[in-house]
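Okay, so here's the structure we're looking at.
The values are calculated or read from the model by the stated rules, or taken from the named source; none is laboratory data. Since the model is a prediction, treat every value here as computed from it, not as a measurement. When we count neighbours, we look across all protein chains shown, and the Cβ atoms used for this are built from the backbone with ideal geometry, even at glycine.
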């Protein structure tokens, strides 16, 4: 066995000089992050999250270049060829479902701080990268701090600077899309989400695990006016947000394709089911709305709203008796939120009108009007 030589000398806090038989290198960093430069020209960035088994390593220069991560195929940076990724096609729903359904080891979720927080607190909660970290990490970290403090304009600025230079990361795309939606730039948010879904990358990736671990990031999602929910900051959440944006821009079929992929994989259910029911109902695809709402019982706001859409679909096809059964089930629990109950009463009133029972229809419309005079067109239906 040939002789080898290696010695490591500490030059200061987090700085080591490494001497080998044929080369020397200097490394900088501490627990979780280290950057190494060798006299051979090789540069290595290493990131790991202690206690989780998640790590990332990127080497370049010298005679070879390699990159690896134990978490996903995503890295903290992409080459310029990333700009050639195509927009998702009809296969996007299956791509999203396969990606989100992949089994993976996930560390126990730590206690996370609700948002927003002050800028000073965000600076403390978001780890600082090493002083030789790539610029993309610096930009992402600044964006996370800004978003955590509720400054979405500043977050978008940092992320748009990154994506403009084609150094984008999947985590950048998701955070940028959320920032653009918050700023009312919904059409612009579609592009980053389409890139993310087309990439087939598992989220949260290493970059998100490192810089967002202590913060309770979610995606705001509006089911219907008055009914909002929080989506996880991952692939399923990104797909549902994109579906919502597609719907707002009139791309109902594209939205349905995405959500169907999640539903088929058993992801985001029952949220995917009620989203599909609403999409199909808005497009007049009554048979599809009935199909996806089969077997639902009233156990929550989501299931009650699903039953409301089922009742509307059955009523639209003239199946009045079945429609009333579904709507009575939706109204069975008075503990459901007001918008959900209003939706069920409204659709029942429409069914009663079609059945030639205006008195019963008026009772439902009046009950809605007493609590929310601006709901749908109840004011006009009451002749006010």
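With the range 192-283 as the region, which helices (runs of 4 or more DSSP H) entirely inside it contain at least 1 residues that are without any contact (Cβ under 8 Å) to a residue 12 or more places away in the chain?
Result: 252-264.
So that you can scan it fast, the table gives a plain yes or no per residue for (1) in the same structural domain as residue 326 (by TED's automatic domain parsing); (2) out of contact with any strand residue (DSSP E or B) (no Cβ under 9 Å at 6 or more places or on another chain); (3) surrounded by 24 or more Cβ atoms within 10 Å (Cβ to Cβ):
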| site | (1), (2), (3) |
| --- | --- |
| 273 | no, yes, no |
| 276 | no, yes, yes |
| 288 | yes, yes, no |
| 295 | yes, yes, no |
| 301 | yes, no, no |
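Which residue is surrounded by the most Cβ atoms within 10 Å (Cβ to Cβ), if the candidates are limited to the range 152-170 and must be within 20 Å of residue 125 (Cβ to Cβ) and either modelled with pLDDT under 90 or over 19 Å from the mean Cα position of the chain (by Cα) (or both)?
So the residue we want is 158.
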